[in-house]
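Q: Once you've had a glance at the structure underneath, I'll fire off some questions.
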Amino acid sequence: MLKAVKVRLYPTTEQELALAKSFGCARWYYNYALNACIQHYEETGKSLKLSVYKAYLPQLKVEHPWLKEDCYSAVLQCVAINLNKAYTNFFEGRAKFPRFKSKHHKQSIQYPQNVKVLGDFLEVPKIGVVKAVFHRSISGKIKTVTISKTPTDKYFASILCEVEDSASQHRGDKTLGIDLGLKDFAIVHNGSEVTKYSNPKHLKRHEKNLARKQKKFARKVKGSNSRNKYRKLVAKVHERVSNSRQDFLHKLSRKLVDDSQVIIVENLHIKGMVRNRKLSKSISDVGWGMFINFLDYKLKASYGQLVEIGKFFPSSKTCSYCGHVLDELTLDIREWNCPSCGTHHDRDGNAALNIRNEGIRILSMDGGNPVLAVSRQRKTNKPQGGKAVVVETGSPHPICTQMGVG
Ligand SMILES: [Zn+2]
């Protein structure tokens, strides 16, 4: 099992300089390769292969000797692999088109090998022995180490280790359906009752502050000194928001994963398509994506399972009891009565229960192995030859299939 530990680094002034050079080389090569990919595509209509832009490196090092002197060569290999990943994520609809890296944003480099832990220090090739603060001891074999610098000038290392499995944890046995919302962050249905988790108040306050500062920042003249100063200020607020958001998401995902064996969510791509455009998006989007990732890796680490419903189905408008689908349910309606069976529904609880039922239906279609659901690494819903592949067939009556699992 892989486990990541994040530690704060305190490089000396010389080490900061060495890191800046490595960040610079990695950024330069990333942008160079990305540019080559874009040009190649414009000229041929085909994407450039990883092996091709990896093979540029020896020649580039001859033309630009600093690339060899200032940067550990394995770091540049990782840059190529990461660019390839960014492209794959884009093609599979998980991310936007890769962007050129800027020195004004977060910087990071990856070491696939040869980083060692020496007491309270981290030994990094080309950088030296860097002071580090470990809150947890590093056990197991170190796989990769990612060193990053935040826009607020803090340094971190994320150390990925291979550790022995600890399977015998105390685990709950529930199957949870989760609807992600704006009013409440997550609405969780366990089959018999619904629980709502709202965003913490301080997070909302920070986010408002951030939005205000970002607006001011956008009004500053490009390239001006005050813009650069403001960039740092925005970065600081941003850091505070993202820390408190991450903290909230870590705690909530931990609690839900400890309670359950299976967690079912709507695929965010699908969710985005059906969402009202007027609703504020970016803030919730960031939180939702991160939350699903946290659930996913925590479930994997404890042999649980995340099921993403990869096809549109009207989770809000469907009666979770009889399967009747309403023609319309506007956002202001929080509670409704089913015209077919008369069941009274809380809007969000009903949606979460429908998501749960749909996930169970998908799971039960293949003896508990949801090959047809859009499970995280699978690509079953990738369009082929211009024609979308049917992921799975919808069931109009979710209640009929509520069986077995959970
Ligand atoms: Zn009904």
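The values are calculated or read from the model by the stated rules, or taken from the named source; none is laboratory data. Only a predicted model underlies this, so the values are computations on that prediction, with no experimental measurement involved. Backbone-built Cβ (ideal geometry, glycine too); neighbour counts: all protein chains shown. Accessible surface is based on the protein model in full, side chains and every heavy atom, while ligands, DNA and RNA are left aside. Shrake-Rupley method; radii C 1.70, N 1.55, O 1.52, S 1.80 Å.
Q: I need the full set of residues from segment 192-207 which are modelled with pLDDT of 85 or more and not hydroxyl-bearing (Ser, Thr, Tyr), in order please.
A: Answer for segment 192-207, where residues must be modelled with pLDDT of 85 or more and not hydroxyl-bearing (Ser, Thr, Tyr): GLU193, VAL194, LYS196.
Q: Can you name the strands (runs of 3 or more DSSP E) wholly within segment 89-136 that have at least 3 residues being within 16 Å of LEU76 (Cα to Cα)?
A: Counting at least 3 such residues, we get 107-111.
Q: Check GLY272, GLY287 and return the single one that is modelled with pLDDT under 90, under 29 Å from the mean Cα position of the chain (by Cα) and buried (at least 20 other Cβ atoms within 10 Å of the Cβ).
A: Just one listed residue meets the conditions, GLY287.
Q: Follow-up question, since we're still on this one. Which of the residues that make up segment 2-23 are open to solvent by 60 Å² or more (accessible area, probe 1.4 Å) and not aromatic (Phe, Trp, Tyr)?
A: Across segment 2-23, the qualifying residues are LEU2, LYS3, LYS6, ARG8, THR12, THR13, GLU14, GLU16, LEU17, LYS21.
Q: Do we have PHE121 as modelled with pLDDT of 85 or more and closer than 26 Å to TRP288 by Cα here?
A: no
Q: Within 23 Å of the chain's Cα centre (by Cα), surrounded by 18 or more Cβ atoms within 10 Å (Cβ to Cβ) and of a type in the set (Lys, Arg) - does that describe any residue in segment 144-151?
A: Scanning segment 144-151, I find at least one residue that is within 23 Å of the chain's Cα centre (by Cα), surrounded by 18 or more Cβ atoms within 10 Å (Cβ to Cβ) and of a type in the set (Lys, Arg), so the answer is yes.
Q: Which ones in segment 310-355 are away from the ligand (no atom under 13 Å from the Cβ), polar (S, T, N, Q) and surrounded by 13 or more Cβ atoms within 10 Å (Cβ to Cβ)?
A: SER315, SER316
Q: Search segment 153-165 for residues being closer than 27 Å to ALA235 by Cα and surrounded by 15 or more Cβ atoms within 10 Å (Cβ to Cβ), and hand back the single one that is modelled with the lowest pLDDT.
A: Checking each candidate, the answer is LEU160.
Q: From (1) on the phi < 0 side of the Ramachandran plot; (2) part of a loop (DSSP other than H, G, I, E, B), pick out the condition that doesn't hold for GLY223.
A: (1)
Q: What about TYR111, is it touching a Ser or Thr at 6+ places or on another chain (Cβ under 9 Å) and aromatic (Phe, Trp, Tyr)?
A: For TYR111, the condition - touching a Ser or Thr at 6+ places or on another chain (Cβ under 9 Å) and aromatic (Phe, Trp, Tyr) - is met.
Q: Another question, then. Among the residues of segment 78-101, is any more than 21 Å from the chain's Cα centre (by Cα) and at negative phi?
A: No, every residue in segment 78-101 fails to be more than 21 Å from the chain's Cα centre (by Cα) and at negative phi.
Q: Would you please list the contacts, defined by Cβ atoms under 8 Å and residues six or more apart or on different chains, that run from a residue in segment 64-88 that is of a type in the set (S, T, N, Q) to a residue that is not in a helix (DSSP H, G or I)?
A: Matching pairs, first to second residue: GLN77/PRO112; ASN82/GLN110.
Q: Something else: If you go through segment 300-337, how many residues are closer than 18 Å to GLY181 by Cα, aliphatic (A, V, I, L, M) and assigned to a loop (DSSP other than H, G, I, E, B)?
A: Number satisfying all stated conditions: 3.
Q: For segment 40-72, which residues satisfy the criterion of being exposed (fewer than 13 other Cβ atoms within 10 Å of the Cβ) and part of a helix (DSSP H, G or I)?
A: If the condition is that a residue be exposed (fewer than 13 other Cβ atoms within 10 Å of the Cβ) and part of a helix (DSSP H, G or I), then TYR41, GLU42, GLU43, THR44, SER51, PRO58, GLN59, VAL62, GLU63, TRP66, GLU69 are the ones that fit.
Q: Let me ask you something else. Read through the list (1) outside any strand (DSSP E or B); (2) surrounded by 12 or more Cβ atoms within 10 Å (Cβ to Cβ); (3) out of contact with any Pro (no Cβ under 6 Å at 6 or more places or on another chain), then give the number of the only condition that PHE248 fails.
A: Exception for PHE248: condition (3).
Q: Still on this structure, please answer the following. Here are some residues: ARG240, ARG219, ARG227, ARG212. Which one is in contact (Cβ under 8 Å) with a residue 12 or more places away in the chain and not aromatic (Phe, Trp, Tyr)?
A: On inspection, the qualifying residue turns out to be ARG240.
Q: Let me ask another. For TYR230, only one of the following conditions fails: (1) part of a loop (DSSP other than H, G, I, E, B); (2) in contact with a Phe, Trp or Tyr (Cβ under 7 Å, 6 or more places away or on another chain). What is its number?
A: (1)
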